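Peer 1: Quick one: this structure, given as structure tokens, is what I'll be asking you about.
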Amino acid sequence: MREILEKLYLKNSLTREELLYLLGNLMENDRDKLYRLAYNTTLRTYGNRIFVRGLLEFTNYCKNNCNYCGLRRDNKKVERYRLSKEEILVSLEEGNKLGYKTFVLQGGEDPYYTDEILVDIIKSIKNRYKDVAVTLSIGERSRESYEKLYNAGADRFLLRHETATKKLYDSLHEGMSFEHRIKCLINLKEIGYQVGAGFIVGLPGETNETLADNLLFLKRLEPAMVGIGPLISHPDTPLRGFENGSIETTLTMISLTRLLLPNALIPATTALNTLSSEGLEKGILAGANVVMLNLSPIEARKKYEIYKGKEITDIHQLKKIEERVKKVSFKVDMGRGDHINYNGRIKDV
Ligand code: SAM
Ligand code: SF4
């Protein structure tokens, strides 16, 4: 175990066999060491800074039916909403006044937002705020669509791969395909976006092989950002009553990702913060360096219920975040927080 951890720290790579050995034999003291190595790696790459992003959930309509998600098409209990361009701009102005330099526009896959509508929204944001980064998280679209949005000024795109195990992916995503998801990630990267991938911890049937698949996939894809969060079971989905993902496994995955991709931007996710009152602190100590704070209108927040009990820290609570991260020797960075040394290299993923 010691040699494997050392290799991981010094070479930032492991074979599948080494990863499986590590996952199968990690004792508590090894885990602590792993977290420490990951935390030290963040300090070496980005320093003790946590980047903040303003997250705007602008639509909860979704044409997909992902088995874990409360926004899935078949959940008729959701009160659906969409924000207009004007409403979006009003919300972002709140964030701008507070000094936010990255806005994440997230939503279900909502065909209402055509390329034309989105291009207009993105251009308006970029015209108004010259120095902000716009991140999109709006699911799968055609390459042409991604190109138009990129040309309009979008800088980054979050599209978690959810799981790199095809069989598991296909079993959870009726009407979608693993191959198409991966193709979208490659398209986004080729176009020039800073791309975010990531996965859910604790999906039904997950094994150490599943976790290793995820980590090795990330190593090959080399995304700029990686979002990893525990599954939180939603009562109005097919995964109702299913056990939530483990915090410990989530933190282990954050650490391993930090060590495999030292320059990645890794959030302490909302799901982690929902399951653990100290999710942010624990996430940082395990290698995370991003936090997304909510800037959706109050009426929208309750309706964007991916899972129950979502912990919402909003953009006004920066002071609280500052105090919390200080406990783990970090400080809030209000800059754009771009990836360092990002290369758009495409390998065979
Ligand atoms: N619709 C877009 C997509 O799927 O890429 C973006 C919005 S979607 C709500 C954002 C992420 O929420 C998904 O990538 C998924 O990993 C996560 N998610 C959805 N339901 C979840 C649940 N019950 N527990 C944990 N994470 C969940
Ligand atoms: Fe829609 Fe995204 Fe939820 Fe899947 S995870 S149902 S694509 S909002």
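Peer 1: If you scan region 214-234, which residues turn out to be open to solvent by 10 Å² or more (accessible area, probe 1.4 Å) and away from ligand 1 (no atom under 13 Å from the Cβ)?
Peer 2: LEU216, LYS219, ARG220, GLU222
Peer 1: Here is a check on your reading of the model: is PRO223 more than 15 Å from ligand 2 (Cβ to nearest atom) and more than 14 Å from the chain's Cα centre (by Cα)? Spell out the reasoning first.
Peer 2: Details: more than 15 Å from ligand 2 (Cβ to nearest atom): yes; more than 14 Å from the chain's Cα centre (by Cα): no.
So PRO223 does not fit the description; no.
Peer 1: Just give me the residues in region 54-66 being open to solvent by 10 Å² or more (accessible area, probe 1.4 Å) and more than 9 Å from ligand 1 (Cβ to nearest atom), in sequence order.
Peer 2: If the condition is that a residue be open to solvent by 10 Å² or more (accessible area, probe 1.4 Å) and more than 9 Å from ligand 1 (Cβ to nearest atom), then LEU55, TYR61, LYS63 are the ones that fit.
Peer 1: Then there's this: Among the residues of region 128-149, what is the count of those that are away from ligand 1 (no atom under 16 Å from the Cβ) and open to solvent by 20 Å² or more (accessible area, probe 1.4 Å)?
Peer 2: As a first pass, look at region 128-149 and keep what is away from ligand 1 (no atom under 16 Å from the Cβ): 128-133, 143-144, 147-148.
Filter once more, so that each one left must be open to solvent by 20 Å² or more (accessible area, probe 1.4 Å): 128, 130-131, 143-144, 147-148.
Looking only at that region, the number is 7.
Peer 1: Please tell me if ILE125 is within 13 Å of LEU55 (Cα to Cα), surrounded by 18 or more Cβ atoms within 10 Å (Cβ to Cβ) and free of Cβ contacts under 8 Å to residues at least 60 places away in the same chain.
Peer 2: Details: within 13 Å of LEU55 (Cα to Cα): no; surrounded by 18 or more Cβ atoms within 10 Å (Cβ to Cβ): yes; free of Cβ contacts under 8 Å to residues at least 60 places away in the same chain: yes.
Here the answer is no, as ILE125 does not meet what is asked.
To keep it simple, each residue is scored yes or no on (1) open to solvent by 30 Å² or more (accessible area, probe 1.4 Å); (2) more than 17 Å from TYR68 (Cβ to Cβ); (3) within 11 Å of ligand 1 (Cβ to nearest atom).
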{"residue": "ALA164", "(1), (2), (3)": "no, no, no"}
{"residue": "LEU172", "(1), (2), (3)": "no, no, yes"}
{"residue": "GLU190", "(1), (2), (3)": "yes, yes, no"}
{"residue": "ILE200", "(1), (2), (3)": "no, no, yes"}
{"residue": "ALA212", "(1), (2), (3)": "no, yes, no"}
{"residue": "ASP236", "(1), (2), (3)": "yes, no, yes"}
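Peer 1: Do any residues in region 131-159 that are over 18 Å from TYR100 (Cα atoms) have Cβ atoms under 6 Å from those of residues that are more than 16 Å from ligand 2 (Cβ to nearest atom) and modelled with pLDDT under 95, where the two are at least six apart or on different chains, and which pairs are they?
Peer 2: Pairs found: none.
Peer 1: What are the pairs, 6+ residues apart or on separate chains, where a residue within region 199-223 that is among the polar types (S, T, N, Q) has its Cβ under 7 Å from a residue that is at pLDDT 95 or above and open to solvent by 40 Å² or more (accessible area, probe 1.4 Å)?
Peer 2: Going by the 7 Å Cβ cut-off, the qualifying pairs are ASN208/LEU20; ASN208/GLY24.
Peer 1: Of all residues in region 81-122 being closer than 19 Å to VAL291 by Cα and within 16 Å of ligand 1 (Cβ to nearest atom), which is surrounded by the most Cβ atoms within 10 Å (Cβ to Cβ)?
Peer 2: LEU105
The values are calculated or read from the model by the stated rules, or taken from the named source; none is laboratory data. These figures come from a predicted structure and were not determined experimentally. Please note: Cβ atoms are built from the backbone with ideal geometry, for glycine as well, and neighbour counts cover all protein chains shown. To get the accessible areas, we keep the full protein, side chains included, count just its heavy atoms, and leave off ligands, DNA and RNA. Shrake-Rupley method; radii C 1.70, N 1.55, O 1.52, S 1.80 Å.
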